[in-house]
1. Somewhere in the range 626-642, is a residue among the polar types (S, T, N, Q) and in contact with a Ser or Thr (Cβ under 7 Å, 6 or more places away or on another chain)?
2. Give C33, C59 a once-over and let me know the one that is of a type in the set (A, V, I, L, M, F, W, C) and either assigned to a loop (DSSP other than H, G, I, E, B) or without any contact (Cβ under 8 Å) to a residue 12 or more places away in the chain (or both).
3. With the structure loaded, tell me whether A855 is modelled with pLDDT under 95, out of contact with any His (no Cβ under 6 Å at 6 or more places or on another chain) and outside the structural domain of E640 (by TED's automatic domain parsing) or whether it fails that test.
4. Any idea which of (1) crowded, with 24+ Cβ neighbours inside 10 Å; (2) on the phi > 0 side of the Ramachandran plot; (3) not aromatic (F, W, Y) is the one G457 doesn't satisfy?
5. Among the residues of the range 285-326, which ones are of a type in the set (K, R) and at pLDDT below 95?
6. Looking only at the range 271-298, which residues are without any contact (Cβ under 8 Å) to a residue 40 or more places away in the chain and within 13 Å of L691 (Cα to Cα)?
Amino acid sequence: MRVDVDGMAVTVADGASLLDAVRAAGVELPALCHDDRLTPAGSCRSCLVRVGGNVVAACVTPARDGMRIGARSEELRALRRESVELIVSALPPRALAAGVEGTELARVCHTLGIGPEAAQAEDQRGRDDSHPYVHLDRDLCIACGRCVRMCAEVQGTFALTLTGRGADTVVAPGTGGSWADSDCVACGGCVDTCPTGALTEPGLPVGASRAAPMRTRTTCGYCGVGCSLEVLTRNGEITAVLPDHDGPVNRGHACVKGRFAHGFVASPDRLTRPLLRRDGRLEPVSWAEALEHVARGMRTAVAEGGPDAVAAISSARATNEENYLIQKFMRVVIGTNNVDNCSRLCHAPSAAGLTASFGLAGGTDLFEDAERADCLLVVGANPAEAHPVVGARLLQRVLRGAGLIVIDPRAVGLARYADTHLRPRPGTNVALFHGLAHVLLAEGLTDQEFLREHAIGLPELTELLAAYPPERAAAITGVTADGLVAAARLYGRAERPAIFYGLGVTEHLHGTDGVRALANLAILRGAVGPGIGYGVNPLRGQNNVQGASDMGALPDALPGYQKLGDPAARARAAAVWGVPVPARPGLRIPEMFAAARSGVLRALWVIGEDVCATDPDADRVAEALDSCPLVVCNELFLSETAGRADVVFPVASWLEKDGTFVNFDRRFQRVRPALDPPGEARPDFAVVHALAAELGVDLGCRTPADALAECGRIAPVFAGLTHERLDREGAVPWPCTDAGAPGEGRLYRERFATPDGLAHLASPPYLPPGEEPDHSYPLVLVTGRRWAHYNSGSMTRRTDDLRLDTVDLLDLHPADATRLGLRDGDPVVVESRHGRAELVARLTEETSPGQAFCAFHFPSSGVNTLTSSHSDTVTACPEYKVTAVRVSPARE
């Protein structure tokens, strides 16, 4: 629609406000209570404009076609000045002390000609500096409510409120106590939106972020959401990390890790020189000596055991270009396919299951599609803690009316908003999904036309599902038959359903079966590809776990998931690399450890993974490392794994690298260095090149941009992706086969990528998990993540996140705690058939009776010594979600 602003005609979208229209005309209005991400409030009266004979607040007044708006008159400027002067008069003089480069309020005052003398109040309301990342200065609060709305409307935590009356109104934690003791999850949104400096980041002077000379746009290196961030630096140090308002996934939002947990880069624990083991101790040496030692060791391993005596574990924290170079090193320099990455421990069943069902090893849709879904099925995931930006956006969709089904043994964050929450016994997913599918078929909630035209396997699945009526599925899983039916009906009757799932689906003995059985629901409903709805989408854990696999850091696939058994794929790679590609699949990570223990594997290169802390049956992992003649680590810190290595290469962090990551919905995004690596540390990209050169091989790909371009020549699905394009466009999803193609956000619009072009329904029977509780080990332990930390905690434990979450806790139901004689906060010993851990009890009904939950962020607790060697029968993904344990009080 078109409106007139002081004689200028502008076009604005339907639903636009007068503030949008005035800004479209190039007029900057103050709007102290307004943030474009939030619902307008109209409380500060600083954005006044005239429409006809009325003066109105522009932020809350909708524009209408043909409207005539006055914005520039002296009368309006005087009215705005009066409104702002009234606000400022209740503040102390220091509110404007930072000047025009300070707060938004100070800049508005400068524009309106309001000087510091207008601020006349005295400090009297005090401060709250209890939180490590958010400090509150009550005397600077103008009760605009932006922080409260940010917490509710964007983050969805509802941790803040306005208290008091009249001039005494001030923001406060909703719990009434200190900020540190509140429900705040430190997303930083309140700090970013505060217009006055009442909420600040400790140690960051007001205006310092705006005045920082260097601003680097990059992609977060924590979880797989792929938030776009701006890193602000001065004199080689980070002054702040802010969410990028144009970020395609986060849209100006962040979580505590991306927003605040960057202090690890300057930790005194950073490795800055190569380390070489001499006489049982790691000692600093030159790069030349370290590289020569590793090259000699690899040559010896190959001479004694052949190329397959060497293996590498690539990194989900490394860039795509680094992962590409690592797998190329193993295949070109060493001559083996012994390369794998940590997707083996988390989402390998996703790659296998989604490929079998649909044809490609990635989620089916971009995340934006969730905002059009009318029903969300969230399975085996706790995005509120593990993927907070995704969790917040899913919650906002639910608050706007979408149905929500949560399937998780625990009462995870989204469960409190669910229409139906099913809490199955760990390890019974396949039976539960079959029970849901049974109801879809029995009640006619399937898309018959879609199934006829786009799917195969219905007769076989129908026969199988006859054995899984709601009553039997309920008996196996522990959910109620009524709850199961209600969930199936809500999903089956939705017009635009979407499925999101996490490691609670994959990390099982039959994880691939679980992915396929879950995919059945979308196929039956016609809610994927050519049908309606928004498909099946895995929530990836580490920042580049999708990209590490995309780049071919897998023992049985080349870049782009091209099978080693495909002669054409091997020929394409050989033509680019100039050497033949070995045809025999390499070792998976668990097989690498077994081969090391048996003496077959003689050199293992571990890049950016603390396998002693994160892999299952950790005592056996340590045994494998101790048995291997040469262990090499690329690391930021001297982790438990690096401490057992023979050579440790100091490497750059994600804040010091150039390249790309792929996020959970298949988007390539740029990673740019905001800092130089400390000391002699180098990017993994440079380390791989240096070692190849030491072994007499030039890998080409002089720059990360060259590496991505070369990858595109080998893998057609990436052929249209370049650094130049990503710098220009921001984010592009794969498949992207041509520089002129936009990238496929929604997959399978016309046909599936399977050989026959059809979605394949799967008919796996339910099989029990690898472990069951018994008299000696009566509880089932599930492991996962908590909101303040990330993976093994090597980065977050070196930041103030440690003040938010100080130890690994064991969640127990109060009934189990009573039976065991435990109280909240008691130290406990947890024992399994495999190991022993020491934790602290946390009593909560989030966990069901007979079950326990803990994270693995503190390696010293020994959590992964508890987990078993049971793994998915298809992909060898460990069964982290089902371990039989017993719990007892720790003895003094």
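1. Yes, that holds for at least one residue.
2. After applying the criteria, what remains is C33.
3. Yes.
4. Here G457 meets the rest and fails (1).
5. If the condition is that a residue be of a type in the set (K, R) and at pLDDT below 95, then R317 is the only one that fits.
6. Listed by number, the residues that qualify are A288, E289, R296.
The rows are residues; the columns are (1) at pLDDT 90 or above; (2) farther than 19 Å from P768 by Cβ; (3) surrounded by fewer than 22 Cβ atoms within 10 Å (Cβ to Cβ); (4) of a type in the set (F, W, Y).
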position	(1), (2), (3), (4)
R842	yes, yes, yes, no
E845	yes, yes, yes, no
G862	no, yes, yes, no
T867	no, no, no, no
V874	yes, no, yes, no
K881	yes, no, no, no
V885	yes, no, no, no
P889	yes, yes, yes, no
E892	no, yes, yes, no
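For (1) at pLDDT 85 or above; (2) over 37 Å from the mean Cα position of the chain (by Cα); (3) buried (at least 18 other Cβ atoms within 10 Å of the Cβ), each residue gets a yes or a no:
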| position | (1), (2), (3) |
| --- | --- |
| A21 | yes, no, yes |
| L29 | yes, no, yes |
| L32 | yes, no, yes |
| D35 | yes, no, yes |
| L38 | yes, no, yes |
| C47 | yes, yes, yes |
| V56 | yes, yes, no |
| P62 | yes, no, no |
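The values are calculated or read from the model by the stated rules, or taken from the named source; none is laboratory data. Worth saying up front: this structure is predicted, and the values here are computed from it rather than measured. Please note: Cβ atoms are built from the backbone with ideal geometry, for glycine as well, and neighbour counts cover all protein chains shown.
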